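As structure tokens, the structure follows; a few thoughts come after it.
All of the numbers you see were taken from the coordinates with simple rules; none came from a lab. The structure presented is a predicted model; accordingly, all values stated were derived computationally and were not measured. Note that we place each Cβ from the backbone using ideal geometry, even for glycine, and neighbour counts take in every protein chain shown.
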Amino acid sequence: MMEVPSVRPLIFCSPLRYVQGPDLTDRLADELESVGLSGPALVVAGNRVIGLLAPRWAESFASRGWVHRVRVFGGECTQHEVEQIVLESESLQAAVLIGCGGGKVLDAVRAAAAARKVPFVSCPTVASTDAPTSALSVIYRNDGSVDSSIIHKRNPDLVLVDSRVIAHSPPRFFASGIGDAMSTWYEAASATASNSPTMRGGRATAAAVALARLCRDIVFADGVEALDDCRHNRVTPALERVIEAATLLSGLGFESAGLAAAHAVHNGLCALSQTHSLLHGEKVAFGTLVHLALEQTVLPTLERSVEIDRLAHFFIQIGLPVTLEELHVPDLDASRTTIAARATIPTETMHNMPFHVDASMVSAAIVAADAAGRKAHATTRIGL
Ligand SMILES: [Zn+2]
């Protein structure tokens with residue numbers, strides 16, 4: 001047999017411990033202890049989450065006699081916010097930093113923990129992105145555009161997901177997580193086919209690729225039912241499966257198998273202020289349609305055209321945007337040019353596609369994705 005030509009090693013990164021189940025918030029201190037952590041702990045969260053969970057954190061920390069402090073998150077993951085969290089954690093001499101909330105809180109606290117070289121604990125209260133398990137922080141500017149993406153050295157020491165909290169989270173956030181999760185397999189497959197380095201600089205393991213595929217399969221099978229459970233605040237097996245897919249499988253999949261066009265298009269969409277009211281996964285969902293449309297122009301197959309159609313119908317069922325109009329983006333050459341230019345800058349994961357991609361190809365793929373979305377809406381309306 002031929003030897004493997006690449007010198008790049010297989011790399012798989014993950015959190016030290018992932019726990020998921022109803023009412024785990026009450027076990028926060030016990031779970032910290034199970035990975036060898038203790039107070040003082042700085043907990044950072046938004047006001048809604050603090051109102052909901054602070055008494056339970058206090059009880060849990062008190063049961064072990066650990067000092068903790070709660071800080072209100074500033075609302076955006078900016079460099080300034082990260083610095084403020086660092087300063088507060090220094091004043092507390094925090095031994096662990098805990099982020100509770102959505103992707104932006106987690107990213108900011110993760111960056112602050114990395115700066116202080118203390119462990120980071122991730123407690124997602126919405127299943128809206130695959131940020132919780134990763135070592136990645138996306139830093140935004142004050143105007144909401146993406147500033148930089150930083151890969152830290154360590155994944156979280158602990159990821160604690162209280163599925164009852166997720167069941168009571170806004171359904172729109174749950175739907176967004178489904179959109180983000182759905183991109184994982186398509187991007188992993190493309191990044192692996194091009195032998196691109198993963199987010200952690202290695203080659204994708206078979207494990208990461210399998211997890212990415214499983215993520216897609218679970219979301220397709222259980223996504224609609226789980227979203228309905230979230231709307232009714234029910235912790236069910238379908239809800240638990242989709243939380244695991246959107247949080248653990250998607251997180252491990254994107255980080256250890258790779259991103260490609262879908263997330264690059266997301267970053268392109270963020271360059272337009274009209275999209276700032278949309279959630280990460282809502283933009284990634286459309287980015288996934290663009291991803292497949294790009295592949296279809298270069299390597300057209302009947303299977304892929306069926307897949308684009310299936311995906312557009314699924315996104316419509318979930319309430320995710322499949323057209324430029326639903327993304328509040330004017331259907332103009334100028335908007336497409338802006339998105340495509342940002343999506344193809346040299347550092348973008350767009351270049352992990354298994355063929356050369358330029359801005360004009362992305363622009364054309366946006367037109368094709370939008371057309372697929374419109375067609376899916378039309379067939380949905382007439383009951384096809
Ligand atoms: Zn994502």
Projected area of region 228-384, taken from the Cα convex hull and averaged over every viewing direction, in nm²?
10.2 nm²
Interchain or sequence-distant (5+) residues whose placed amide H lies within less than 5 Å of the amide H of residue 199 are 257, 258, 259
Be a star and scan region 109-138 for residues whose amide nitrogen sits under 17 Å from the point 7 Å along the Cα-to-Cβ vector of residue 48.
123-130
Only Cα pairs within less than 10 Å get springs; with that Gaussian network setup on the chain, which residue of 223, 201, 36 has the largest fluctuation?
36
For the ranges 184-197, 54-67, what's the packing order if you count other beta-carbon atoms within 10 Å of each residue, average per peptide, and put the highest first?
184-197, 54-67
Correct semi-axes for region 151-235, from √(5λ) of the alpha-carbon gyration tensor and rounded to whole Å with the largest first, are 28, 17, 10
Check which residues have an amide H placed less than 5 Å from residue 10's amide H, if you skip close sequence neighbours.
203
For the pair residue 307 and residue 148, how long in nm is the line joining their label points, each one 7 Å along Cα→Cβ?
3.5 nm
Karplus ³J(HN,Hα) for region 150-156 (6.51 cos²θ - 1.76 cosθ + 1.60, θ = phi - 60°; Hz, whole; x = Gly/Pro) runs 10, 9, 7, 6, 10, 7, x
So in the chain, which Cys have no other cysteine's beta-carbon sitting under 4.7 angstrom from theirs?
13, 77, 215, 230, 270
Quick one: what are the phi-derived ³J(HN,Hα) couplings along region 366-379, Karplus 6.51/-1.76/1.60 with θ = phi - 60°, whole Hz, x for glycine and proline?
5, 4, 5, 5, 4, 5, 5, x, 4, 4, 5, 4, 5, 6
Over the alpha-carbon set of the chain, divide Rg by the Kirkwood Rh and report the Rg/Rh ratio to two decimals.
0.97
Sum up the charges of everything whose Cβ sits under 13 Å from the Cβ of residue 339, counting Lys and Arg as +1 and Asp and Glu as -1, but leave residue 339 out.
-1
Express the C-alpha Rg of region 1-131 as a ratio against the empirical globular expectation 2.2 N^0.38 Å, rounded to two decimals.
1.19
For region 1-112: relative contact order, % (alpha-carbon pairs under 8 angstrom, 6 or more apart)
31 percent
Which whole-number percent gives the relative contact order of the chain, counting Cα pairs below 8 Å spaced six or more residues apart?
16 percent
Between region 211-230 and region 109-151, what is the separation of their alpha carbon centroids in Å?
24 Å
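Got the relative contact order for region 171-381 handy, in percent, Cα pairs under 8 Å and 6 or more residues apart?
This gives 27 percent for region 171-381.
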Taking only the alpha carbons of region 201-286, what extent do you get along each of the three principal axes, in Å, biggest first?
38, 36, 15
For all pairs of alpha-carbon atoms in region 1-65, what percent lies in each bin of width 10 Å, listed from the first bin to the last filled one?
16, 38, 19, 9, 10, 7, 0
If the cut-off is a Cα-Cα distance under 18 Å, which lysines reach residue 283, setting aside same-chain residues fewer than 8 apart in sequence?
104
Suppose we keep just the DSSP beta bridges with both residues in the chain; what percent of those would be antiparallel, to 5?
20 percent
So, over other residues within a Cβ distance under 9 Å of residue 108, counting Lys, Arg +1 and Asp, Glu -1, the net charge is -1
Amide H contacts under 5 Å for residue 71, placed H, 5+ residues apart:
43, 44, 45
3J(HN,Hα) from dihedral phi, region 46-57, Karplus parametrisation 6.51/-1.76/1.60, rounded to Hz, x for glycine, proline:
x, 4, 4, 5, 4, x, 7, 10, 4, x, 6, 5
